Every structure is written in structure tokens, then in C-alpha cells.
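Inspection log for the structure reproduced underneath, given as C-alpha cells.
The values are calculated or read from the model by the stated rules, or taken from the named source; none is laboratory data. Since the model is a prediction, treat every value here as computed from it, not as a measurement. Positions of Cβ are generated from backbone atoms using ideal geometry, with glycine treated the same way; all protein chains shown enter the neighbour counts. The accessibility values were calculated without ligands, DNA or RNA, using every heavy atom of the protein model including side chains. Shrake-Rupley method; radii C 1.70, N 1.55, O 1.52, S 1.80 Å.
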Amino acid sequence: MDAVSSLLSDRVEFRLSCVDRIFIQGYIPTLQSEGLVVRFMLDQGNTIPSPKVFGRIHDRLVAAIDRFVAANTLEVLRFKKGQSKEESARPYLEAAKAAGREGVVVVGVAQERVQGWRGFRRGGSDSHPHFVYRRQSLWVNHYYFYIWDREWGPGFIKLCPYAPYPLWAWINGHEWLKRQLDQRGVGCEALDNGLRSCEDPALARRLAASLSAGHALAYLHKWTAALPSPLTDADRRVGHRYAFSVRQIELSDTAVFDRPQSGRAWFEAAIKDHLDLGRPERVSLVVDRRVVQRGPRATPGRFATQIVTRGVDPQIQIHYKASKVKAYFKESRALRIETTINNPDDFDVKRTLKPENWRALRRAGAECNARFLQALGEHAPPPPDVAALQSVVMPSIDEDGNRAPGLRFGDPRATALLAAVACFTHVVGGLTNHGLCELMAALLDQPYNHRQATYDLRRLRRKGLIERVPGRNLYRVTARGRAMACFLTKLQARVVVPVLSELDHLPNPRGSNPRPIVSAWRVYARELDALVAGAQLAA
């Protein structure tokens with residue numbers, strides 16, 4: 001099977017890296033603590049910070065939403081539990097797109113949980129009571145404003161009319177790109193949540209790279225100003241306003257194949273290639289049905305990882321803290337590598353929506369996608385030669401003159417250590433002492449402590465299988481290290497152990513169809529016995 005690099009260069013007709021789904025949270029900074037809540041009420045001219053103030057704001061905001069709906073002759077959808085909000089709003093968004101009409105197309109209402117402020121009286125006189133405020137979990141109505149925007153296409157802004165009045169916005173970078181190409185008169189063919197082709201691929205890539213935090217902020221300022229708000233002009237004049245942070249961002253790399261069967265065949269082989277190494281945390285097969293694993297409603301049957309090629313879209317994914325990276329085939333013709341960052345803190349990036357954080361998130365997503373693709377097989381070197389093999393399994397001296405103990409082939413601890421290096425779980429976040437302890441304890445099925453991990457990390461680094469991230473107790477697996485670890489792990493798991501097991505049971509072989517090597521060994525053994533008997537060497 002061709003390496004990924006060769007496959008992409010020979011069989012891919014269109015490739016694009018782009019921001020995909022973006023989920024942004026809006027919050028009022030001056031309502032994030034009890035003291036700020038009291039200040040907010042006093043700034044509105046209230047001498048007593050009573051919970052009734054929040055009640056009046058709620059009633060005013062809901063009345064403003066009702067007037068907005070009536071003035072724009074909008075339909076209101078009451079979402080039920082389990083109902084797909086996106087599917088319910090889709091016809092309204094498509095109608096606005098067909099008509100070329102920008103604006104709010106429908107309003108949805110759903111009861112959802114929120115952490116809201118609740119006030120309680122705590123002493124004071126009837127003429128001047130004292131109140132304290134605590135956050136509580138509330139089930140309240142949220143309002144979804146589904147919007148068709150000339151620049152961004154479909155999206156929504158969700159608003160909660162209870163303090164601290166959080167809002168959420170959803171937009172899509174691929175939809176933004178489609179609008180930009182359309183405005184420039186450049187034809188493109190859509191792929192589900194992406195592009196399948198483009199008349200000017202270079203322009204599409206430049207536009208995708210240009211999408212910035214400024215574009216997202218312009219959208220938010222435009223529509224929050226047009227929609228009903230809990231903040232009045234007087235509130236804004238004294239400094240109360242919304243700020244925005246990135247709640248979720250998806251960064252994708254899509255390769256569309258001229259011969260989809262070639263790409264899919266490689267991808268399914270790549271998944272199969274990684275199953276017995278324990279490399280992905282989860283390999284999922286996406287089918288058009290819900291599978292319940294536990295409880296009284298558990299789906300009956302035995303479920304095991306396998307490769308399915310008909311009617312199923314295979315995918316491989318790993319999780320890192322709150323984020324994940326996955327690879328799958330989109331519409332059976334495009335390989336999609338996708339990093340979903342659900343918490344920017346996972347990558348040491350601040351959440352605030354501003355240019356430097358946006359660039360850092362895009363860079364982190366692009367690096368994760370590249371490492372994931374490389375781990376699947378891109379630029380994989382050939383199996384190690386004899387000298388390379390000896391450099392791993394025998395003691396050696398590194399470039400700095402330090403002794404590196406050998407990783408003896410067949411030794412249980414060395415075998416587990418190589419399998420840990422090949423593991424997918426640290427492709428994104430890197431390998432740490434603690435992470436190695438968890439991996440080794442599972443692979444060895446016996447205790448493994450931090451001192452042993454320190455020793456093993458040192459010899460892996462001196463062998464050149466891993467490298468340390470400067471200034472941190474964090475390690476990355478090198479390209480050579482991944483190749484060595486994968487080759488030796490596969491060699492033992494797929495060749496040495498199965499064949500030796502069969503050779504060890506020659507008198508009573510398993511199955512009626514032994515491996516060719518076992519049959520050949522039997523023939524050799526019989527001929528050797530006959531030769532010895534004919535020469536009368538037994539006596």
C-alpha cells in the first residue's frame with residue numbers, strides 16, 4: 001500500500017485546510033461575581049440590589065423578543081426534548097438562501113440548563129433589606145435566533161433571558177468560504193460541510209487561510225446589535241457589554257480523491273493496521289442506528305472492533321482531555337482529518353476571542369492534523385535494517401556519549417515500552433512520565449512506577465525514539481521512533497508469537513490448514529529424520 005504522501009500526491013484532485021464549525025460564548029464580564037452583580041444593579045439607579053431588578057430585566061427582554069418576532073413575522077418553534085434543532089430550522093434557512101434574504105428566519109425556544117444568579121434575603125430591615133447572590137442550576141427557556149447572513153450563510157445566536165444573560169453563537173468556516181467564492185464569481189461544488197471542488201483551488205486556499213477572529217467578531221457585533229438584548233444603552237455607557245470567548249473550534253484538512261476507492265481502501269487498511277497495537281483510544285464505526293452499551297436497554301449482541309466496507313463509514317479518533325482528533329471518509333470520496341478543540345486551555349491558549357488566540361488555535365489544530373496524518377502512515381520509512389535493529393535492541397552510545405541500555409527483543413518490559421511508544425493516545429498531547437506509567441501498567445498488567453518511567457524515558461530519548469519538548473517534562477515520538485516501535489511491535493505480535501506457538505505444537509497443530517511455514521517445517525523434519533535413519537546415526 002502506498003504511503004499517505006504518495007497517495008495524496010497521486011490520487012488527490014483537491015485538498016483544503018479550513019476552519020470548520022465555530023461555537024462562541026458571549027458573557028457580560030461585569031456579571032461574573034456577587035460583588036459585580038450588586039454593582040450592576042446600583043449602576044442602574046437602584047438603591048437596593050433586590051432580585052426584583054433581574055425580574056424586571058427578564059420581563060422586559062421577553063417582551064422585546066415577542067415584539068421582534070411580531071415585527072418580523074417570524075414563526076416560533078417550540079423544541080421538544082430529543083428533537084433535532086438543526087433539522088427543524090434547516091427549511092427556513094434554505095428558503096432564505098434561495099431568496100437571497102438576509103436576517104433572522106425563525107426563532108426557536110427550548111428549556112435548557114444554565115447556571116444563573118439567584119438572590120436571597122440575608123438580614124436587614126424591611127425598609128433596607130440585605131441580599132446575597134448565589135449561582136444555581138436552573139432549567140429555563142432559551143431563545144434560538146436562526147440567521148441567514150450574506151457573509152457567513154447559516155448560523156444561530158442563542159440567548160438566555162436570566163442573569164448573567166449568557167449567549168452562544170454558532171457559525172461555520174466552510175460556509176463562510178462558500179459565500180466568499182460566490183461573491184467573487186468562482187464556482188465550487190459543495191461537499192457535506194466542506195468543498196468537493198473549486199474552479200480556482202489556490203484562491204480557495206488563500207481565502208480559507210484568511211479567515212480571522214475579526215470576521216467572527218464582526219458577525220457577533222452585527223447581530224447582537226440587531227437582536228433584543230438585556231443591556232440598555234445606559235448600561236453600555238457605564239461599561240456593561242458583552243465579551244466573547246471560543247467555546248469550540250474545529251480545524252479540518254480535507255483531501256478529495258479522483259478515485260475514491262483508492263483512498264478508502266488505504267484508509268480501511270490503515271485502521272486495520274492500527275487495531276492490534278492499542279494505538280487509538282477508540283475506533284468507531286458510524287452506522288445509522290443507536291447502540292446502547294449498558295443498562296436494561298442495552299443493544300443485544302457482541303460488539304468488537306472490526307473493518308466493515310459496505311454501508312458503513314469507518315473512522316478512527318483519539319481524545320486528549322476535552323478535545324479530540326479524528327479521521328474519516330466523507331461521502332465515501334474525501335479523507336477528512338479533523339481536530340475539535342473544546343477547551344483552548346488543553347493547548348495552553350486563552351479562550352478570549354482575539355487575533356493572537358485565534359492564530360494559536362489554528363496553528364494547534366493544523367499541527368494536530370499533520371501529526372495524526374503522519375501517524376496514520378505519511379512519510380513512513382521502510383522497516384529498519386540490521387544495523388538499525390541492533391541500535392534499538394542492543395546497548396548503544398548516543399551522540400553525547402551517554403550509554404543507552406538496549407530494548408531486548410522479546411523482553412516483556414521492552415515489548416510493552418515499544419507498544420507504548422506506538423500508542424496513539426499521545427499523538428496530540430505528548431508523552432509524560434505519568435502518561436507512560438498508565439500505559440505501561442495496562443500493557444504489562446503489573447505495577448509500574450514513576451522511577452521506572454524516568455529510566456525508560458531516558459533510554460528512549462538516548463535511543464532517538466523520542467525527543468524532549470524544550471523547557472517542559474514532555475516528549476514527542478520521533479518519526480524514526482514511531483517506525484521502529486510499530487515495526488518491532490507488529491513483528492512480535494503478528495509473526496514471532498503466532499508462528500512460534502504453532503511450531504511449539506507440531507504434534508497437535510491447531511486447525512486443519514496450518515501456515516505454509518509450519519507445513520514446510522514438517523516436511524523438513526520428516527526428511528531430516530529419514531536421512532538420520534538411513535545413515536544409521538541413531539545408534
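The sole residue among Ala64, Ala96 that is crowded, with 17+ Cβ neighbours inside 10 Å and either in contact with a Pro (Cβ under 6 Å, 6 or more places away or on another chain) or free of Cβ contacts under 8 Å to residues at least 60 places away in the same chain (or both) is Ala96.
Just so you know, in the range 68-89 the residues that are free of Cβ contacts under 8 Å to residues at least 12 places away in the same chain and assigned to a helix (DSSP H, G or I) include one that is nearest to Leu159 (Cα to Cα), and it is Glu86.
Inside the range 228-267, can you point out the residues that are out of contact with any Lys or Arg (no Cβ under 8 Å at 6 or more places or on another chain), under 30 Å from Asp348 (Cβ atoms) and hydroxyl-bearing (Ser, Thr, Tyr)? The one that is out of contact with any Lys or Arg (no Cβ under 8 Å at 6 or more places or on another chain), under 30 Å from Asp348 (Cβ atoms) and hydroxyl-bearing (Ser, Thr, Tyr): Tyr242. Take the range 213-243 and flag every residue that is touching a residue at least 24 places away in the same chain (Cβ under 8 Å), part of a loop (DSSP other than H, G, I, E, B) and of a type outside the set (Gly, Ala, Ser). Once the filter is applied, which keeps residues that are touching a residue at least 24 places away in the same chain (Cβ under 8 Å), part of a loop (DSSP other than H, G, I, E, B) and of a type outside the set (Gly, Ala, Ser), the range 213-243 yields Leu227, Pro228, Pro230, Leu231, Val238, His240, Arg241, Tyr242. The set of residues in the range 39-61 that are loosely packed, with under 11 Cβ neighbours inside 10 Å and not small (Gly, Ala, Ser) contains only Thr47. Among residues of the range 230-264 being among the acidic types (Asp, Glu) and in contact with an Asp or Glu (Cβ under 7 Å, 6 or more places away or on another chain), the one that is surrounded by the most Cβ atoms within 10 Å (Cβ to Cβ) is Glu250.
For Gly123, the test of being modelled with pLDDT under 90 and either under 19 Å from Phe156 (Cα atoms) or among the β-branched types (Val, Ile, Thr) (or both) is failed.
Quick test for you: out of Arg264, Arg206, pick the one residue that is more than 20 Å from the chain's Cα centre (by Cα), at pLDDT 90 or above, among the charged types (D, E, K, R) and farther than 30 Å from Tyr165 by Cα.
Working: Arg264 fails: at pLDDT 90 or above.
After applying the criteria, what remains is Arg206.
Of all residues in the range 348-385, those that are modelled with pLDDT of 90 or more, open to solvent by 20 Å² or more (accessible area, probe 1.4 Å) and out of contact with any Phe, Trp or Tyr (no Cβ under 8 Å at 6 or more places or on another chain) total 9. Cβ-Cβ distances below 8 Å connect the following pairs, each with a first residue in the range 125-136 that is part of a loop (DSSP other than H, G, I, E, B), a second residue that is at pLDDT below 90, and a separation of six or more residues or different chains: His128/Ile48.
When Trp148 is tested against (1) under 18 Å from Arg21 (Cβ atoms); (2) touching a residue at least 60 places away in the same chain (Cβ under 8 Å); (3) of a type in the set (Phe, Trp, Tyr), just one condition goes unmet, and that condition is (2).
In the range 386-405, which residue that is touching a strand residue (DSSP E or B) at 6+ places or on another chain (Cβ under 7 Å) and free of Cβ contacts under 8 Å to residues at least 40 places away in the same chain is least open to solvent (accessible area, probe 1.4 Å)?
Pass one, the range 386-405, residues touching a strand residue (DSSP E or B) at 6+ places or on another chain (Cβ under 7 Å): 395-398, 403-404.
Narrowing further to those that are free of Cβ contacts under 8 Å to residues at least 40 places away in the same chain: 395, 397.
On the way: Pro395: 80, Ile397: 114 Å².
Applying the filter and picking the extreme gives Pro395.
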